[in-house]
Each structure stands twice: as structure tokens, then as C-alpha cells.
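Here's the structure, in C-alpha cells; my notes come after.
No lab work stands behind these numbers, since they all come straight from the coordinates. Treat the numbers as computed from the prediction; the structure is a model and nothing was measured. Quick reminder, even Gly has a Cβ in these numbers, built from the backbone with ideal geometry, and neighbours come from all protein chains shown.
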Amino acid sequence: MRTPLAALALACAALIHAPATSAAPPKAAAVNVQGFSPERLQRLDAAIEEQIGKQQLAGGVMAVLRDGKPVVFKAYGQRDIENARPMRTDTIFRIASMTKALTTVAAMILYEEGRFLLKDPVARYLPAFAHMQVALAQGGTEKPRRPLTIHDLLTHTAGMSYGGGPTQAAYSAAGMKDWYLVGNDETLAQWTARFAALPLQSQPGEQFIYGYATDVLGRLVEVVSGQPLDRFIKERITDPLRMPDTSFFLPADKVERLANVYGLEGGQLKLMETSAKSDFVNGPRKLLSGGAGMLSTAGDYTRFLQMLLNKGELDGVRILAPHTVALMTADHLGSKSGGDADGFGLGFWVNVKRGGFKELGSEGAFGWGSAYFPQYTVDPKERLVILFMTQLRPAGNSTLHLRVRTLTYQALMK
């Protein structure tokens, strides 16, 4: 009869001399110098290529940077299917609401110069907003309970929608039917004066309502700076940051690089707008939409995002102070927040706590997107920039622009 000690010794010997055919433990994935698993990053490639292969996407550019160094910077598919023109990393895209971040930074440059306080009434600088009314759900209007402030514009709590709810009829009658203002042949000053005559959708400060607030902020930048919005952004942001392809209108020599717009209708990919027929090309128009009117490339826009990640500085050029960027990326709205995360700052959604995002992401990450389907995330904790650029409108039920963020985080190993 074997003792327990002898039985244990026999068991250990059996394990040591187990057949070579026994299953080996899974091999740990290799990790590159930026802390990403190259093997897991293939999932990101595969997801984008799958959508192109299924003809649910024409093409796009994916950029992932960590510590300012490229982890992924790659073009997929085509920018012009009909003429077999491949997507390139220097392709130019309509960035729509990603314009809002540039206009917000422009306003914060002036704020740092002491030109205004965020709690200042908008009417102090734009007198047309001194007599605004607030639309009531049951019809009619009432007076605002407090003045509309610059902070309200920056946090989308100004009650300025894109024409929904009780303001829909008034907006439609005034021709404010869409966020897309590029084709409008009036100046920003003229447009703002017309817009100020329309009622707000809610009382100032009470609700997050996404809409024309950043277009009004763009006009405020013009009035306070004494410069047109496009010139101010060029001189104070895009030129210093070396972003040569970011602008409101496209020079003739860059038209060939502008991607076509495709959309999903009935599940089928269709051409919606060619580069040659774009309002961005057949200009310059007078109206400079600070909320939706700019063009950019993946390379340019990642430089802008890297500046924010670096707390206001890039390559020795300082655009904003660290305290200003911290203010912009702090949560200002709490439970009133809009966007993908559980907080909202000055121009961005902000992820306040892990789990508030309801997807992968770090505390303190911030970002936004575009009606044309691009999406960006800046993650200070992980020193990370994630940007997906494409032109898909309408996007049907596609979630690719959000899944690329998950597919990036799942590849981050350390």
C-alpha cells in the first residue's frame, strides 16, 4: 500500500514525463515599442477591410499614435470608386462637426488673452442676442430666465438645435434646415443676425442640445478678434501647427485629393457627391461655418489632436496653456452631458470614469466625430490619439467608426 507521499511523487513524475503531444500553453502576443500587439492590431485592419469588401464603405484612413509616434497610419479602399482612385494617407475629407474643435480652440485663444470671460453674456459681443425668446412645447415663447453666456455656447447648453422640437417650424421658415451651411451665400455676420431672431429650444444652461451654438461661437471669434474666422484659424492654429490641408475651401490644385462622399441607402453603397461638384470646391462662398465647414486630412488633424494631448503644445509651438486644455477636457455638465461618454467639456465629450463610456476607454479620454462618419479619441492616460477618417453619409446602421476605437484599445498591451 503506497503512502500519500509516495503517491504524490508518482503523480509529479507523470507530469514531468508527459507525452510531447500535450497541449502547450498559448504563446503571449508580441508587443511593439509603442506597447501594442501587432497580432491584435490585425483585427483593426480586418474590420475595415471587411466593410470595404462587403461594399459598405468606399475607403478611409486610420491613424493611431502613441507618444506622438505612429502605430497605425494607413489608407484603405478607394476615395473615388468610379474612377478607380485609391484612398491615400493625404486624402482630403469634409470634417463637418470636427470643425467645432478648431473653432473652440480659436475662442479659447482669445479667452487666454483676456478678451472675455466664459460667464460673459453673448449679447455683450453680439447685440442681436439681447432679445432672444425661448420656444414653449405648447406653442408660443417666453423670455430667457438668465442671459445666454459664452459658456453655454461652448457646452451646447445654449438651447440652439439644428431645428428639432418646438423650434422646428421657425427654423424651417427661416431656411435653417440643416447643419450644412457651406453652400449658403451670405456672410457669417448676416447668418448670425438672422439666427438670433429665432427662438431657443430650451432655457440657457438647462439642457444639452447639439446644434448651431458653435457657428455662433465662430461669429463671436470674428467680432472679438476683428478678423474673419478662416483667417484667424489659419494664422493662430493651422499655420503654426503646420496643417496645410486644413481649410474652409479647397484650392483648385487640391481638388483631385478630395474624397467622394458615399452613403448607405437600403444597405447599398451609393455615390452621394463627387469632389468636382462639392460646395467646398465651387467657392469660395461667403459663409464660414465654425460648426461644420472645414476640410482636413488625417495627417493634419492628428497634429491638432496631438497638440491637445500635449496640453496645448506641439513641436515647440504653444497654442494653449496646460490649464486651459485641462478646463476644456474637464466635465462641465454631469448628468446633462451629451455624446458617447458620461461627461462633456468645452467642445468634446469627456469620459469621467471607466464604465461611464460603456465601452473600452480610459478616465479623462475625450473626443467627438462628424456627420460624414469620422471619429476621434484623445486619451491622456494612455498618451494615445485614435482617428478614423472617411466619407460615409448616410451611414445606415454601420458602427465601424466606433468599433475602431474598441479594436485599438484591445490591441494595447502595456
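In table form, for the structure just shown:
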{"read-out": "Average Cα contact separation per residue, segment 269-414, under 8 Å, 6 or more apart, as relative contact order %", "value": "14"}
{"read-out": "Karplus 3J(HN,Hα) series, Hz, for segment 390-401 with 6.51 cos²θ - 1.76 cosθ + 1.60 (x for Gly, Pro)", "value": "7, 9, 10, 7, x, 9, x, 9, 5, 10, 4, 4"}
{"read-out": "Per-peptide average of other Cβ atoms within 10 Å, ordering 143-156, 124-137 highest first", "value": "143-156, 124-137"}
{"read-out": "Full-extension gain in nm, Ala321 to Arg115, via 0.36 nm per residue minus C-alpha separation", "value": "72.6 nm"}
{"read-out": "For Leu314, distant residues with modelled amide H under 5 Å away", "value": "Ile319"}
{"read-out": "For Phe344, distant residues with modelled amide H under 5 Å away", "value": "His332, Leu333, Gly334, Val350"}
{"read-out": "As computed over segment 105-225, the Cα convex hull volume per residue (Å³)", "value": "95"}
{"read-out": "Per residue convex hull volume, Cα atoms of segment 99-151, in Å³", "value": "102"}
{"read-out": "GNM result for the chain, Cα springs below 10 Å: residue of Gln34, Gln306, Gln138 fluctuating most strongly", "value": "Gln138"}
{"read-out": "Among Thr297, Thr399, Thr167: highest mean-square fluctuation, GNM of the chain, C-alpha pairs under 10 Å", "value": "Thr399"}
{"read-out": "Farthest toward positive dipole pole in the chain [+1 Lys/Arg, -1 Asp/Glu at C-beta], among Gly53, Ser247, Ile209", "value": "Gly53"}
{"read-out": "Added length on full extension, which subtracts the Cα-Cα distance from 0.36 nm per residue, Gln55 to Thr406", "value": "124.2 nm"}
{"read-out": "Table column - 3J(HN,Hα) (Hz), segment 378-387, Karplus curve with 6.51, -1.76, 1.60, x for Gly and Pro", "value": "10, 10, x, 4, 9, 6, 10, 10, 10, 9"}
{"read-out": "Amide hydrogen neighbours beyond the local backbone of Met176, cut-off 5 Å, H modeled", "value": "none"}
{"read-out": "Positive-end extreme of charge dipole, the chain - chosen from Met98, Pro380, Ala173 (charges on Cβ)", "value": "Pro380"}
{"read-out": "Spatially proximal lysines relative to Lys54 (Cα-Cα < 25 Å; intrachain offsets below 8 disregarded)", "value": "Lys74, Lys270"}
{"read-out": "Under Karplus coefficients 6.51, -1.76 and 1.60, residue-wise ³J(HN,Hα) of segment 317-334 in Hz, glycine/proline x", "value": "9, 9, 9, 9, 7, x, 5, 5, 4, 4, 5, 5, 9, 8, 7, 9, 10, x"}
{"read-out": "Using alpha-carbon coordinates, inclination of helix 38-53 to the longest axis of the chain, degrees", "value": "50"}
{"read-out": "Cα-based helix-to-principal-axis angle, 4-16 vs the chain, degrees rounded to 10", "value": "70"}
{"read-out": "Nearest-20 debye value, the chain charge dipole, Cβ charges on Lys, Arg, Asp, Glu", "value": "700"}
{"read-out": "Rounded to the nearest 20 debye, dipole of segment 105-225 from Cβ charges on Lys, Arg, Asp, Glu", "value": "340"}
{"read-out": "Taking the C-alpha atoms of the chain, convex hull volume expressed per residue in Å³", "value": "209"}
{"read-out": "Along each principal axis, Cα extent of segment 210-354, largest first, Å", "value": "43, 41, 30"}
{"read-out": "Student exercise, segment 192-288 dipole from Lys, Arg, Asp, Glu Cβ charges, in Debye to nearest 20", "value": "180"}
{"read-out": "Nearest 10 degrees, 0 to 90: helix 99-112 Cα axis against the chain principal axis", "value": "70"}
